[in-house]
Amino acid sequence: MKQLATRWVLLCTLVLFAAMATVYFVVDIPPSAQLASADSGVKCRDYDPSSIIEVSKPLNVAVWNIYKQQLEGWEEELNALADDNSIILLQEAQARPQLLSYVEDNGWHSNQAYAFAINGEIAGVMTLSDAIPEKVCAFTKVEPYLRLPKSALYSAYKLSSGEVLSVINLHSINFTYGVQEYVEQLDALVEGVSELKGPLIIAGDFNTWSNERLDVVKQKLGAIGLQEAPFQPDNRLKVFSHPLDHLFYRGLKLTGAETQDTKASDHAVLEAQFTYQ
């Protein structure tokens, strides 16, 4: 048993070094957070004109780690989500021609965080919406070991009530020893949204695979008035018995939340329905 454990540790170490070498020699990582666009180095973008979302209509939101579109059926899954949702938050989106063509052909407004790129294909969270936001900003946090940044996108949408709907699409860092770096990323997020007024959604892949991580998320987001959507049925991907994906909200009335298993990713799809208060 001891010999088997030693071999396992050695294998994990070799895999880690191989991944680090790949990052160093193959992966393009921008020096700071920026949006994936022709405007190199732009962190935030203002849209004029933007759209106005009518508050008399329901707000339906989907959240999905799309697993870099590595599995068959992702396009069909997106088509199904598009039928029922006006905002779709994707994590692990890889800007390959097929995804970019899908977005353009279906008339989505899209923004993506430039976390890193491999062979010119940008990876990072991507937000799709029917409405054009008035402002979008990208944020990144580097994984302490693999050195691959995880990303977040802030999108602000004008509402017919005069308020602003703020939506954060988040992919939290994963491989850490302890929670210091994890807390740092979350603290930066909380600081950034603490002054926001109006309805707010923070959702995505939080990588909450431990009690400590989950407690930190609930405590810090609860402190700024957010509550978590309970899913029924709940088929979210779990690691060490903890779900990784979450949706937190405030200033909205939740009318339903469910998940759907899919063969197009290792993560289930999350969907939530809201009305404006």
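No lab work stands behind these numbers, since they all come straight from the coordinates. All of these numbers come straight from a predicted model, not from anything done at the bench. Positions of Cβ are backbone-derived with ideal geometry, glycine not excepted, and every protein chain shown enters the neighbour counts.
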Under 28 Å between alpha carbons, and skipping anything fewer than 8 positions from Lys197 in its own chain: which lysines qualify?
Lys43, Lys57, Lys135, Lys141, Lys150, Lys158, Lys218, Lys220, Lys253
Point-charge dipole on Cβ atoms (K/R +1, D/E -1) for the chain, about Cα centre, debye to 20
840 debye
Taking DSSP loops as anything outside H, G, I, E and B, show the longest stretch in the chain free of chymotrypsin sites (Phe, Trp or Tyr not before Pro) there with at most 12 other beta carbons within 10 Å.
1-176
Considering only DSSP states other than H, G, I, E and B, which GluC sites (Glu not before Pro) in region 176-268 qualify as loop sites with at most 12 other Cβ atoms within 10 Å?
Glu195
Most fluctuating residue of Leu35, Leu99, Leu81 in a GNM of the chain with Cα springs under 10 Å: which is it?
Leu99
When Ser32, Ser172 are ordered from fewest to most other Cβ atoms inside 10 Å of their Cβ, what list results?
Ser32, Ser172
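How much of the DSSP beta bridge set in the chain is antiparallel, as a percent to the nearest 5?
80 percent
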What's the exposure ranking of Lys141, Lys150, Lys68, going from fewest to most Cβ atoms within 10 Å?
Lys68, Lys141, Lys150
Computed about the Cα centre, the charge dipole of region 141-277 from +1 Lys/Arg and -1 Asp/Glu charges at the Cβ has a magnitude in debye, to the nearest 20, of 200 debye
Expressed in µm² per second, the diffusion coefficient of region 21-131 from the Stokes-Einstein equation, with Rh the Kirkwood radius over alpha carbon pairs, at 20 °C and 1.002 mPa s, is 141 µm²/s
Top of Ala113, Ala131, Ala188 by mean-square fluctuation, Gaussian network on the chain, Cα under 10 Å
Ala188
P(r) of region 154-277 in 10 Å steps, Cα pairs, percent per bin?
12, 43, 34, 10, 0
Most exposed first, judged by fewest Cβ atoms within 10 angstrom, His171, His267, His109 run His109, His267, His171
Kirkwood radius from Cα pairs of the chain plugged into Stokes-Einstein at 10 °C, 1.306 mPa s, gives D in µm²/s equal to 82 µm²/s
Please sort by residue number the trypsin sites (Lys or Arg not before Pro) in region 162-251 whose DSSP state is loop and whose Cβ has at most 13 other Cβ atoms within 10 Å.
Lys197
Any DSSP H helix in the chain with Cα axial reach of 27 Å or more and mean Kyte-Doolittle score of at least 0.5? Listed by number, the hits are 2-26
Straight distance only, please: which aspartates and glutamates reach the Cα of Lys263 with their own Cα at less than 20 Å, same-chain residues fewer than 8 apart left out?
Glu72, Glu75, Glu76, Glu77, Asp83, Asp84, Glu92, Asp205, Asp234, Asp245, Glu271
